[in-house]
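A short worksheet on the structure shown next.
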Amino acid sequence: MSICELRGVSKTYGSGAVEVHAVRNVSLSIEVGEFTAFVGPSGSGKTTLLNQVGCLDTPSAGEVLIQGRGTGDLGDKQLAALRASEIGFIFQSFNLIPVLTASENVELALSLAGESGGKQRAVELLDQVGLEGLANRRPNQLSGGQQQRVAIARALVKKPSLVIADEPTANLDSANGEAVLDLMRQLNQDLGVTFLFSTHDPMVMKHATRIVTLHDGEVVSDERKET
Ligand SMILES: Nc1ncnc2c1ncn2[C@@H]1O[C@H](COP(=O)(O)OP(=O)(O)OP(=O)(O)O)[C@@H](O)[C@H]1O
Ligand SMILES: [Mg+2]
């Protein structure tokens, strides 16, 4: 089953002489349970494409379908509601709220999705990502790898059908990067959460079950590995 389908999606920034074709006529489908990496040189369109899949941005041409439903007619509020319920995000720079504790950061994602009683669920999830006993620490009291684990818990707390991560290991040393990737892969296999991420890192690529390579905004290869 397809979680997200792109049909002929293009994204152009600017116009005239400064026009940039960041994504050109991309059609692909992200299937339930996949662990997909977008790879390609800097500027090849990875972030732009992730933003289309995650409905953080709207395409210049083509169509994005989430769970088979077209998103072209949705307004900003409807898109925000769709993201809050279906899609979790993990960022390169963690993007935790500095004045909130780890569990409060996770709880906030739940309350934004309109759910209450999140404290217990937040603590359980923090345990699950290997942060037992650290729920009351603020981000500046945690290492980079631990902060990214909080961000993973935050992305998962709403039970999204898809988690999107733009270079999730770029700000981590190789040991912490590998540990974060192992955790994502474990959650993918144990909970069946579908992950889509971008990376420059060969270690991260090694973990992927599908590698989509971009060049100048186009998909130049799309390979699935045996798992
Ligand atoms: N808001 C914007 N306005 C104008 N051009 C943009 C904008 N965002 C991205 N671009 C351009 O679109 C192209 C694709 O950028 P994108 O950020 O998607 O690449 P990327 O593959 O994620 O690169 P990196 O590996 O460096 O993160 C680049 O040429 C970039 O300069
Ligand atoms: Mg990028």
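Output the number of the condition that K119 fails; it satisfies all remaining conditions of (1) surrounded by fewer than 14 Cβ atoms within 10 Å (Cβ to Cβ); (2) more than 17 Å from L214 (Cβ to Cβ); (3) not hydrophobic (A, V, I, L, M, F, W, C).
(1)
Restricting to the stretch 205-227, count the residues that are in contact with a Pro (Cβ under 8 Å, 6 or more places away or on another chain) and buried (at least 19 other Cβ atoms within 10 Å of the Cβ).
The number of residues fulfilling the criteria is 0.
Which of the residues belonging to the stretch 52-80 are free of Cβ contacts under 8 Å to residues at least 40 places away in the same chain and either in a loop (DSSP other than H, G, I, E, B) or touching a strand residue (DSSP E or B) at 6+ places or on another chain (Cβ under 9 Å) (or both)?
C55, L56, T58, G70, T71, G72, D73, L74, G75
Within the stretch 35-45, can one find any residue that is polar (S, T, N, Q) and open to solvent by 40 Å² or more (accessible area, probe 1.4 Å)?
yes
Here are some residues: V129, V163, V193, V180. Which one is at pLDDT 95 or above, in contact with a helix residue (DSSP H, G or I) (Cβ under 8 Å, 6 or more places away or on another chain), away from ligand 2 (no atom under 16 Å from the Cβ) and open to solvent by less than 40 Å² (accessible area, probe 1.4 Å)?
That would be V163, the only listed residue that is at pLDDT 95 or above, in contact with a helix residue (DSSP H, G or I) (Cβ under 8 Å, 6 or more places away or on another chain), away from ligand 2 (no atom under 16 Å from the Cβ) and open to solvent by less than 40 Å² (accessible area, probe 1.4 Å).
Out of the stretch 140-155, which residues are farther than 19 Å from M203 by Cβ, open to solvent by 10 Å² or more (accessible area, probe 1.4 Å) and either in contact with a helix residue (DSSP H, G or I) (Cβ under 6 Å, 6 or more places away or on another chain) or among the charged types (D, E, K, R) (or both)?
Q147, R154
The values are calculated or read from the model by the stated rules, or taken from the named source; none is laboratory data. Just so we're clear, the structure is a prediction, and the values are computed from it rather than from any experiment. We place every Cβ from the backbone using ideal geometry, glycine too, and count neighbours over all the protein chains shown. With ligands, DNA and RNA removed, areas are computed over all heavy atoms of the protein, side chains included. Shrake-Rupley method; radii C 1.70, N 1.55, O 1.52, S 1.80 Å.
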